[in-house]
Amino acid sequence: MSSEYSAGANEMQAISRIIFGEPASKANSRKIVRFNNVSRLIKSTKALNYSDTFKQQCRPVSTLLTGDLRVTMRIFYASRRPDLDESLILDLMQGLIYENDRQVKEKHVYWGLDPERPRTELMVECIPSIAPEKRPRTKRGPKGEATA
């Protein structure tokens, strides 16, 4: 399933994708390596492999989504062992679906079990801006009262 809906600026935009494979937990996806007597954290082999798999399967959109976003994910794992962790997937969608994962203001993440077909079902939607609109400043007179 791969669908894409794009509409005018005032209408809902939504992108859906299914990515096959079991994602790595970002919390557990780092390993320590030493380069020239300096310790560094790098992505684990599982996280690197999933990143490659994700990029091969996630078709980029023609125009990245902007503004505030809602992300719904159903992550189906091959076993009951992995923690539910969507953070690596959110990072991987940067530059493919949206500009930056800071745009995600609402998340719905569900854990599922499917030993035969581990996968992530994604839906990314534009939502109305959460930031309050700025009101025009009112000029104040010498005694603090509002003037036109």
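Here, each number is a calculation from the coordinates, and none is a lab measurement. Being a predicted model, the structure only gives us computed values, none of them experimental. Ideal geometry is used to build each Cβ from the backbone, glycine not excepted, and the neighbour counts take in all protein chains shown.
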Measure off 7 Å from each Cα along the Cα-to-Cβ vector at GLN94 and GLU121, then give the distance between these two points in nanometres to one decimal.
2.8 nm
If each of PHE20 and ARG137 carries a label point 7 Å out from its Cα toward its Cβ, how far apart are those two points in nm?
5.9 nm
